[in-house]
Amino acid sequence: MATPAADADFKTKLQTWVPKLVLSPSLALMLVFVYGFILFSVYLSFTDSRILPSYGWVGFENYDKLFRLRHWDIAVNNLIVFAALYIIICSVIGLMLAIFLDQKIRGESVLRPIFLYPMALSFIVTGTAWKWFLDPGIGLEHTMHLWGWESFHFDWIKNRDYAIYTVVLAAVWQSSGFVMAMFLAGLRGIDNEMLKAAQMDGATNFQLYRRIIIPQLRPAFLSAFVILSHLAIKSYDLVVALTGGGPGRATEVPATFMYSYTFTRNQMGIGASSSVIMLMTIVAIMVPYLYSELREKN
Amino acid sequence: MSAGSTDTAVRTGRITRTALYLVLLLFALFYLLPFAIMVINSVKPLSEITGGNMMALPQDWTFEPWVKAWATAQIGVDPTGLKPYFWNSIKMVVPAVAISTILGALNGYVLTKWRFKYDTLIFGFMLFACFIPFQIVLIPMARILGLAGLAGSTPGLVLVHVVYGLGFTTLYFKNYYQVFPTELVRAAQIDGAGFFRIFWRLLLPSSGPIIVVSVIWQFTNIWNDFLFGASFADFDSQPMTVALNNLVQSSTGVKEYNVHFAGAILAALPTLLVYIVAGRYFVRGLMAGSVKG
Amino acid sequence: MSFLTIDNATKSYGSVEVLHRVDIDVQEGEFLVLVGPSGCGKSTLLNMIAGLEDITSGTISIKGKSMNGVHPSNRDIAMVFQSYALYPNMSVAKNITFGLEMHKVPKAERETALRDVAKLLQIEPLLDRKPGQLSGGQRQRVAMGRALVRNPDVFLFDEPLSNLDAKLRVDMRTEIKKLHQKLGTTIVYVTHDQIEAMTLSTRIAVMNGGYIQQLGTPKEIYDTPANLFVATFMGSPSMNLIPVKILEENGGLVAETTNGLGETIKLPFATPPAGLKDYVGRTITLGLRAEALTDPDGADSKAVNLVTVKSRVIVMEPAGSDTFVMTEFGGQDCNARMRADVQVAPGEDVDFTINMDKVVAFDPETEDRIV
């Protein structure tokens, strides 16, 4: 019902307009709060805004400064390390657990929620728990010493070179169960008769997974990649709660960088430009994905 | 995870199976341990934590840390405990979840059953909004909330969460209504039912499962949010997560770990509870939403 | 003035025209079947009559009143859907009376109407059940009940039997026909099943590629198909098509072709269509229904012009009531419908009798029937 004929009766005209009317508040909210705001942030990134938005045009100066900041460099490098490890480890663990759980495991209904519950928690809670658990003075290291393993040494959270890996550890703990659930759903969707056919053809279990099952999980891999990468780039809470970006700047990521430059260091222009870079990274990942998804459906 | 597919074609031997169980149990331990230790240590006196073994069960059981975390712990400047923040979170979460779910349901209904030109494009715009890094909207949002007089208020946070949750709820309902037979809607149209009546009498009565998904998703996301709470709230509206962070990070005085743990568990309790009660639907719905996009 | 008029109706999606200038007049009480392969535009046309899709150009009117832009519920139509489209959350009774409720019919009247329809369709014991508890046939009845209760000007059926199993489909077909005879309502019925079309309709519109290929009574469609598409789409087995050369002999027209033994045979026309003269010396396509190609004993005794020729049996398929024998004419496989107990075997050369009264001729280039 695209456009009503000029001579349409009231009810027909109403039915063409009501759906659009119903959709319009949501659309308006999106246009203003998402796309309008994005434009505003992009604009701010070209201004000399400091503590408050100001409208003096400075061109690419903020970006220029941003890329020369060692602080930003660290944040970007940390994000690359974090995102890569986080995505890979979550996928590997998730896939492994899903395949294992799919072997008619007794107690699956008990194990599944145990693997999954961390994703119901706030990153702040996760951060609090792990921060303490990893604290050498009181947590794991301390306990091992008490148990008589005096040489046990695990102080990554206090170590500049290793602290970022503790963020990976906590994040994997929180999200890998969710990835498991996605793969499990994918596995359960695979036609069993095809697997039986493959076994008749003489495939071993390993070949079955490698050649037939895992290739069919492509959509689950793609979804997992998209969701995890977007979580990684947005990650802010976990870093704040676990390490606060420290020790020093060792676990600073773009999300924390943006927050501190904008709201505590009063460098809003640079903060805005860093958020634009973050957005552009997400766009590069998301737009092709969304495009192909929506394409397929129509 | 249908019951029909339990008949798996893959057969495993005894040794493999033992190894499977071993690995699965090991991971179960990995997922349970941090939280379990938190629970154990939240009922210990502080001296047992700083002086003792975190793995040990408490010698002196005490619920003092829980009471303290809830009612008297120093958060920010006042010794209020987490209680007022808990209610702040409730006051923020309930309306935000309700509004975003209702709007999402209506959007999904329009986008599947009342299609019009460019509707896919509009949906694409809404969907993309799910994935933006929120940092890009922080500055303008702070500005707009200030201008609208909503800065630091619960209604302001409700607005923020509704806006940025809308893409997800729309996605869920759209996917769900996509498989709702369009012929039913046509039959109802011929019977004379209008837009809202079709929604109310036909779609809504069979939307139970997806409403559960949308509510759980929104509830956990909004309850667990930290960034918006930290950016746009003041004492009267600060949510639980922000208060917990303040409690844990406060540098004054002795670090009362047991109180921190009790507080963390308190902050996690509502979402855990929701997850335990309705988690099964959640995962199922999440799959429908994310795997099929 | 006809009852339902489709005048020059066109439907486009964007720049793609899917329905081209359709003209159909339906008289009151007629049973019109729209038949064609999937994607031919028949369902689109039905939805346009229902008002579920708008008309790009042209008009559709009911009782002389244009329905363009009129809301489906205000058209005084009712529709039975392929999936039945029963409201899953309402009881059978509610399903049937929902439309009346929407049209603000008083409760007492609704109850009476419900009882009448339930009795007519023999679904009284089902009224309190939910659609999920019904069998396919029962759902079908409820869907019809929902349409009947409105007592509309026009009934629209969108492939209503395609979800039923074979036996139930035949039963329901008879039932729909009975209902039509009893109530005398105007029906537009969409199907892709040509047997349904033949058995139910008073008139058939054969559609393909968004065009009406032929509009006529079942007999017209079957005996004198307008073109090769209609000839092959309607009838089972489908019409035999034999390339023949038209010759003039002794003042009459003769079709020359070969039989299954490779010998040349000549089939004289008794009453050739007037236009056939223009094709003398050219090759045309001769259409021959299976029942017009039989064993000599099975031939229609009333036929005027029977020709018996020899040909070789390739395959025989006993179907119980008949035996289908495949042979070859003009290099094409041809199905012959013989008596059930005919004694033939593959590879054998037997007599085939062709009923030349029933043959039709097609121009092989335009594919239209030569008249």
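Read-outs: derived from the displayed coordinates by stated rules, not from any lab. Owing to the predicted nature of the structure, the values given are computational and were not obtained by experimental measurement. Quick reminder, even Gly has a Cβ in these numbers, built from the backbone with ideal geometry, and neighbours come from all protein chains shown.
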Give me C:Ile176, C:Ile284 ranked fewest to most by other Cβ atoms within 10 Å of their Cβ, as a rough exposure proxy.
C:Ile284, C:Ile176
Write out the chymotrypsin sites (Phe, Trp or Tyr not before Pro) in segment A:1-82 meeting two conditions: DSSP loop, and at most 15 other Cβ atoms within 10 Å of their Cβ.
A:Tyr55, A:Phe60
The number of Lys pairs in segment A:62-297 whose alpha carbons lie under 30 Å apart, excluding pairs fewer than 8 residues apart on one chain, is 7
Relative contact order of chain C (C-alpha contacts under 8 Å, at least 6 apart) in percent is 15 percent
When we measure straight from the Cα of C:Lys266, which aspartates and glutamates land under 17 angstrom away, once same-chain ones fewer than 8 places off are left out?
C:Glu248, C:Glu249, C:Glu256, C:Glu328, C:Asp351, C:Asp357
Chain C: percent of C-alpha pairs farther apart than 25 Å?
62 percent
Kindly provide the helix-only [θ] at 222 nm of chain B, computed as the sum of -39,500 (n - 2.57) over DSSP H runs of four or more divided by all residues, to the nearest 500 deg cm²/dmol?
-22500 deg cm²/dmol
Once each part is reduced to its C-alpha centroid, what is the distance from segment A:236-267 to segment A:78-118 in angstrom?
28 Å
Counting Lys and Arg as +1 and Asp and Glu as -1, what is the net charge of the other residues whose Cβ lies under 11 Å from the Cβ of A:Asp135?
+1
Please go through the residue pairs C:Lys42/C:Lys219; C:Lys182/C:Lys358; C:Lys119/C:Lys178; B:Lys113/C:Lys63; C:Lys107/C:Lys130 and name each one whose alpha carbons sit more than 24 Å apart in this structure.
C:Lys182/C:Lys358; B:Lys113/C:Lys63
Using Cα positions and a limit of under 18 Å, work out the aspartates and glutamates in reach of B:Lys68, with same-chain residues fewer than 8 apart set aside.
B:Glu48, B:Asp60, B:Asp78, B:Glu256
Out of the DSSP beta bridges found with both residues in segment C:4-233, what percent are antiparallel (nearest 5)?
50 percent
I need the calculated FRET efficiency for the pair C:Asp297 and C:Thr366, taking r as the beta carbon distance and R₀ as 35 Å, to the nearest 0.05.
0.40
Over all Cα pairs of segment A:1-157, the Kirkwood radius sets Rh, and Rg/Rh then becomes 1.19
Neighbour-count ranking for C:Asp54, B:Asp225, C:Asp23 (other C-beta within 10 angstrom, fewest to most) reads C:Asp23, C:Asp54, B:Asp225
Local electrostatic count, B:Ala71, Cβ distance below 15 Å [Lys/Arg +1, Asp/Glu -1]:
-1
Restricting the count to DSSP beta bridges whose residues both fall in the protein assembly as shown, what percent are antiparallel, rounded to a multiple of 5?
75 percent
For C:Phe352, enumerate residues with amide H under 5 Å from its amide H, sequence gap 5+ or separate chain, H modeled in the peptide plane.
C:Val309, C:Lys310, C:Ser311
Taking every residue of A:171-177, the Cβ atoms of other protein chains inside 10 Å of its Cβ average out to 2
Given the -39500 (n - 2.57) contribution per DSSP H run of 4+ residues, what per-residue ellipticity at 222 nm results for chain C, rounded to the nearest 500 deg cm²/dmol?
-7000 deg cm²/dmol
Within the P(r) computed for segment C:240-362, what percentage of the Cα pairs occupies the region above 19 Å?
43 percent
How far is it, in nm, from the label point at B:Asn53 to the one at C:Glu348 when both lie 7 Å from their Cα along the line to the Cβ?
9.8 nm
Along Cα→Cβ, 7 Å out, is where each label goes; now give me the distance between the ones at C:Ile195 and C:Lys130 in nm to one decimal.
3.6 nm
Taking N as the number of residues in segment B:10-72, what is its Cα Rg relative to 2.2 N^0.38 Å?
1.71
Sequence of A:Arg265, C:Arg141 once ranked by neighbouring C-beta atoms within 10 Å, starting from the fewest:
A:Arg265, C:Arg141
I'd like the distance between the alpha-carbon centres of segment C:85-163 and segment B:90-138, rounded to an integer number of Å.
37 Å
Dimensionless Rg over Rh [the protein assembly as shown; C-alpha; Kirkwood]
1.10
Near C:Lys177, which aspartates and glutamates are there with a Cα under 15 Å away, not counting those fewer than 8 places off in the same chain?
C:Glu30, C:Glu159, C:Glu196
Among the helices of chain A (complete DSSP H runs), which have Cα atoms covering no less than 18 Å along the helix axis and a Kyte-Doolittle mean of at least 1.0?
A:70-101, A:163-188, A:218-234
Quick one: among A:Thr256, A:Thr264, A:Thr16, which has the greatest mean-square fluctuation in a GNM of chain A with alpha-carbon springs under 10 angstrom?
A:Thr16
With the convex hull built on the Cα atoms of segment A:62-297, state its orientation-averaged projected area in nm².
17.0 nm²
Could you tell me the largest-minus-smallest coordinate of the C-alpha atoms of segment A:156-260 on each of the three principal axes, in descending order and whole angstroms?
60, 24, 16
So how tilted is helix B:182-191 from the main axis of chain B? Cα-based, degrees 0 to 90, rounded to 10.
60 degrees
Per residue convex hull volume, Cα atoms of chain B, in Å³
189 Å³
